[in-house]
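The values are calculated or read from the model by the stated rules, or taken from the named source; none is laboratory data. Keep in mind it's a predicted model, so treat the numbers as computed, not measured. Virtual Cβ from ideal backbone geometry, glycine too; neighbours counted across all protein chains shown. When the accessible area is computed, the model is the full protein with side chains, heavy atoms only, and any ligands, DNA or RNA have been set aside. Shrake-Rupley method; radii C 1.70, N 1.55, O 1.52, S 1.80 Å.
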Amino acid sequence: MSLTPDGEVRSRDELASFVRELHQDFLRNGHEWENQTLGGFLEALVAWMQDSPGWYRNSGKELPEGGAWTFVARALQAATVYE
(Lines give C-alpha, C1' and ligand atoms only; values in the text may rest on other atoms or scores of the structure.)
Protein backbone atom coordinates (compact mmCIF):
# COMPACT_ATOMS: atom_id res chain seq x y z
CA MET A 1 0.00 0.00 0.00
CA SER A 2 1.34 3.45 -0.82
CA LEU A 3 1.08 6.60 1.24
CA THR A 4 -1.40 7.92 -1.31
CA PRO A 5 -4.48 5.71 -1.05
CA ASP A 6 -5.58 5.92 -4.69
CA GLY A 7 -6.99 2.39 -4.54
CA GLU A 8 -9.67 1.22 -2.19
CA VAL A 9 -8.98 0.50 1.47
CA ARG A 10 -11.44 -2.32 2.09
CA SER A 11 -10.84 -3.48 5.63
CA ARG A 12 -9.62 -2.55 9.05
CA ASP A 13 -6.46 -4.57 8.38
CA GLU A 14 -5.70 -2.59 5.24
CA LEU A 15 -6.40 0.65 7.08
CA ALA A 16 -4.14 -0.46 9.94
CA SER A 17 -1.38 -1.26 7.42
CA PHE A 18 -1.81 2.18 5.87
CA VAL A 19 -1.60 3.91 9.26
CA ARG A 20 1.47 1.82 10.13
CA GLU A 21 3.15 2.94 6.88
CA LEU A 22 2.17 6.54 7.63
CA HIS A 23 3.79 6.25 11.06
CA GLN A 24 6.95 4.74 9.58
CA ASP A 25 7.10 7.59 7.07
CA PHE A 26 6.79 10.07 9.94
CA LEU A 27 9.67 8.39 11.79
CA ARG A 28 11.85 8.60 8.65
CA ASN A 29 10.66 11.87 7.10
CA GLY A 30 8.56 13.67 9.71
CA HIS A 31 10.85 16.70 9.45
CA GLU A 32 9.46 17.15 5.90
CA TRP A 33 5.79 16.98 6.93
CA GLU A 34 3.83 20.23 7.00
CA ASN A 35 2.24 19.18 10.32
CA GLN A 36 4.96 17.82 12.59
CA THR A 37 3.08 17.86 15.89
CA LEU A 38 0.05 15.83 16.88
CA GLY A 39 -1.91 19.04 17.43
CA GLY A 40 -1.06 20.35 13.98
CA PHE A 41 -1.77 16.96 12.41
CA LEU A 42 -5.19 16.66 14.05
CA GLU A 43 -6.10 20.24 13.18
CA ALA A 44 -5.20 19.56 9.53
CA LEU A 45 -7.14 16.30 9.63
CA VAL A 46 -10.31 18.10 10.72
CA ALA A 47 -9.78 20.85 8.14
CA TRP A 48 -9.28 18.33 5.32
CA MET A 49 -12.36 16.35 6.35
CA GLN A 50 -14.43 19.53 6.24
CA ASP A 51 -13.02 20.52 2.85
CA SER A 52 -12.97 16.99 1.39
CA PRO A 53 -16.00 17.45 -0.89
CA GLY A 54 -13.94 19.97 -2.87
CA TRP A 55 -10.94 17.61 -3.01
CA TYR A 56 -13.12 14.78 -4.29
CA ARG A 57 -14.79 17.05 -6.86
CA ASN A 58 -11.44 18.44 -8.08
CA SER A 59 -9.97 14.91 -8.28
CA GLY A 60 -12.90 13.58 -10.30
CA LYS A 61 -13.77 11.10 -7.56
CA GLU A 62 -17.06 10.51 -5.82
CA LEU A 63 -17.26 11.31 -2.10
CA PRO A 64 -18.32 8.11 -0.29
CA GLU A 65 -21.90 8.54 0.91
CA GLY A 66 -21.71 7.04 4.38
CA GLY A 67 -17.96 7.23 4.80
CA ALA A 68 -15.54 4.47 3.93
CA TRP A 69 -12.19 3.05 4.92
CA THR A 70 -10.70 4.79 1.89
CA PHE A 71 -12.05 8.14 3.05
CA VAL A 72 -10.31 7.72 6.42
CA ALA A 73 -7.04 6.72 4.75
CA ARG A 74 -7.17 9.71 2.39
CA ALA A 75 -7.98 12.04 5.28
CA LEU A 76 -5.02 10.77 7.31
CA GLN A 77 -2.64 11.10 4.37
CA ALA A 78 -3.92 14.56 3.49
CA ALA A 79 -3.24 15.77 7.03
CA THR A 80 0.49 15.33 6.39
CA VAL A 81 0.45 18.28 3.98
CA TYR A 82 -2.93 20.02 4.36
CA GLU A 83 -2.94 23.47 5.93
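Brief remarks follow.
- Computed over the chain, Cα set: Rg, Dmax in Å: 12.4, 35
- Taken per residue, the accessible surface of the chain reaches 66 Å², heavy atoms only and a 1.4 Å probe.
- Glu83 versus Asn29: modelled label distance in nm, points set 7 Å from Cα along the beta carbon direction: 2.0
- The chain, accessible surface, carbon-and-sulfur percent (1.4 angstrom probe): 51
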